[in-house]
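Reviewing the structure listed below.
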Amino acid sequence: MTEAWGPGGDDGQPRRGATGPVRVRVPAKINLHLGVGPLRPDGYHELNTVYHAISIHDELTARHGDTLTLTMEGEGTGELALDETNLIIRAARALAAHTRVPAHARLHLRKQIPLAGGLAGGSADAAATLLACDTLWGTGLSRDELADIGAGLGSDVPFLVHGGTALGTGHGETVSPVLARPSTWHWVVAVADGGLSTPEVYREIDRLRDAGTAPAALGSADSLLAALRQRDPAVLGAALGNDLQPAAVSLRPALADVLDAGRAAGALAGLVSGSGPTCVFLATDAADARRIAAELATTGVCREARTAHGPVAGARIV
Ligand code: C5P
């Protein structure tokens with residue numbers, strides 16, 4: 001990437017922007033613990049969650065242009081709207097409004113994170129856009145400032161600006177990193193055919209709770225955080241939990257078969273990722289993950305079984 005002086009700032013000083021394309025890689029997330037509290041008056045649920053960034057990435061490239069345009073290739077091409085409703089366009093416009101620069105860029109997305117899969121692909125792309133456009137336009141915001149803008153776009157955006165493993169509170173938008181010296185964990189990611197709507201899954205857990213048929217809420221993430229510190233996959237496996245899992249399985253009963261198949265293939269533990277329908281399985285090491293993925297792929301319970309590791313960095317320029 002080459003650099004040049006970009007448009008002037010409020011202080012009249014020129015800013016340093018990029019002339020060449022700016023390419024940003026951004027990971028998917030899973031939730032090692034997803035404790036869902038009551039519905040708040042603003043329509044969100046209070047969360048106690050542990051986010052974990054994994055090595056399935058989207059890539060967003062930003063180039064200078066006379067207007068704001070978006071093209072894409074990969075997962076979900078032809079299904080994902082590329083208009084003003086797209087989180088990428090909304091993220092570019094939000095950054096432009098915040099920094100008072102014209103929202104001019106040619107954006108291209110290479111997508112590997114499944115749509116509506118519970119892996120925060122949309123939020124990941126918004127995080128990537130904030131970083132890419134900030135660099136292209138030379139607006140020079142800090143990661144914390146980008147995360148603050150991202151919080152208005154989606155609950156998971158601030159986490160995907162930062163990455164790693166982090167505690168999420170509020171409706172998920174308030175994040176603080178956990179563990180100074182992380183272990184690497186190995187995962188098998190079972191990608192489903194078709195997505196699930198996040199608001200519908202939240203509505204379903206409210207319905208199951210009102211009907212008295214939901215399991216007790218998980219509450220705080222303390223036991224998961226203690227398990228992470230032990231650095232033992234068997235201990236971590238026993239501590240994984242997701243309050244949205246019964247709701248996702250209620251809406252998509254076939255997910256019970258996916259979870260059974262992963263455990264039968266020898267995974268230490270399995271759970272629905274976020275609001276689903278992607279399921280993730282913890283393996284003891286990379287070779288074990290490859291073996292479980294190969295076995296899962298033969299069962300036909302999912303569209304695809306990929307391996308991944310975590311934690312990985314959040315949105316970053318490559
Ligand atoms: O923040 P995000 O756009 O990802 O949220 C999508 C929807 O998921 C929200 O409009 C809300 O219905 C639901 N949600 C929720 N509680 C949260 C996060 C999301 O009810 N903490």
| query | By per-residue mean of other Cβ atoms within 10 Å, what is the highest-first order of 67-78, 186-197, 91-102? | reply | 186-197, 91-102, 67-78
| query | For Pro253, what is the net charge nearby, where nearby means another residue's Cβ is under 13 Å from its Cβ and Lys, Arg count +1, Asp, Glu -1? | reply | -2
| Listed residue (Ala211, Gly78, Leu160) projecting farthest to the positive dipole end of the chain, Cβ model | Leu160
| task | Let me know the whole percent of all Cα-Cα pairs from segment 73-123 that are separated by more than 17 Å. | result | 40 percent
| said: For a quick check, take a GNM of the chain with Cα springs below 10 Å and name the residue from Glu79, Glu145, Glu200 with the largest mean-square fluctuation. | reply: Glu79
| note | Computed over the chain, the distribution of all Cα-Cα distances in 10 Å bins, rounded to whole %, is 6, 27, 33, 22, 9, 2, 0
| message | Could you work out [θ]222 nm for the chain from helices alone, using -39500 (n - 2.57) per DSSP H run of at least four and dividing by all its residues? Round to the nearest 500 deg cm²/dmol. | response | -10000 deg cm²/dmol
| task | Please give the net charge around Val189, taking every other residue with its beta carbon less than 10 angstrom from that of Val189, where Lys and Arg add +1 and Asp and Glu add -1. | result | 0
| remark: To the nearest 20 debye, the chain has a Cα-centred charge dipole, built from +1 on Lys and Arg Cβ and -1 on Asp and Glu Cβ, of 600 debye
| Lys/Arg Cβ at +1, Asp/Glu Cβ at -1, dipole of segment 185-310 taken about the Cα centre: which of Ala297, Ala254, Ala192 is farthest positive-ward? | Ala297
| Amide H contacts under 5 Å for Gly170, placed H, 5+ residues apart | Leu47
| query | Convex hull over the alpha-carbon atoms of segment 61-146: what's its volume per residue in Å³? | reply | 87 Å³
| note | Taking 0.36 nm per residue of separation between Gln230 and Arg290 and subtracting their Cα-Cα distance, the length gained on full extension comes to 19.2 nm
| task | Name the shape class, rounded, prolate or oblate, that the alpha-carbon gyration tensor gives for segment 185-310, where a ≥ b ≥ c are the square roots of its eigenvalues, rounded holds for a/c under 1.5, and otherwise prolate holds if a/b is larger than b/c and oblate otherwise. | result | oblate
| field | Net +/- balance of residues flanking Asn48 in space, Cβ distance below 14 Å, scoring K and R +1, D and E -1 | value | -3
| request: Kindly put Tyr202, Tyr51, Tyr44 in sequence by how many other C-beta atoms sit within 10 Å of each C-beta, fewest to most. | output: Tyr44, Tyr202, Tyr51
| message | With just the Cα atoms defining each centre, how far is segment 147-218 from segment 286-314? Give it in Å. | response | 20 Å
| task | Please give, to one decimal in nm, the separation of the simple spin-label points placed at Asp210 and Arg181, each 7 Å out from Cα toward the Cβ. | result | 5.0 nm
| note | Under a Gaussian network model of the chain whose springs join Cα atoms within less than 10 Å, the largest fluctuation of Thr307, Thr135, Thr184 belongs to Thr184
| field | Added length on full extension, which subtracts the Cα-Cα distance from 0.36 nm per residue, Asp42 to Val318 | value | 95.6 nm
| task | Could you check the simple spin-label distance between Arg93 and Leu115, using points 7 Å along Cα→Cβ, in nm with one decimal? | result | 1.9 nm
| note | Rounded to the nearest 0.05, FRET efficiency between Arg100 and Ala238 (Cβ-Cβ, R0 45 Å) equals 0.30
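Where a number appears in this text, it was derived from the coordinates with a stated rule and is not lab data. Just so it is clear, the structure is predicted and the values come from calculations on it, not from any experiment. Cβ atoms come from the backbone with ideal geometry, glycine included; neighbour counts cover every protein chain shown.
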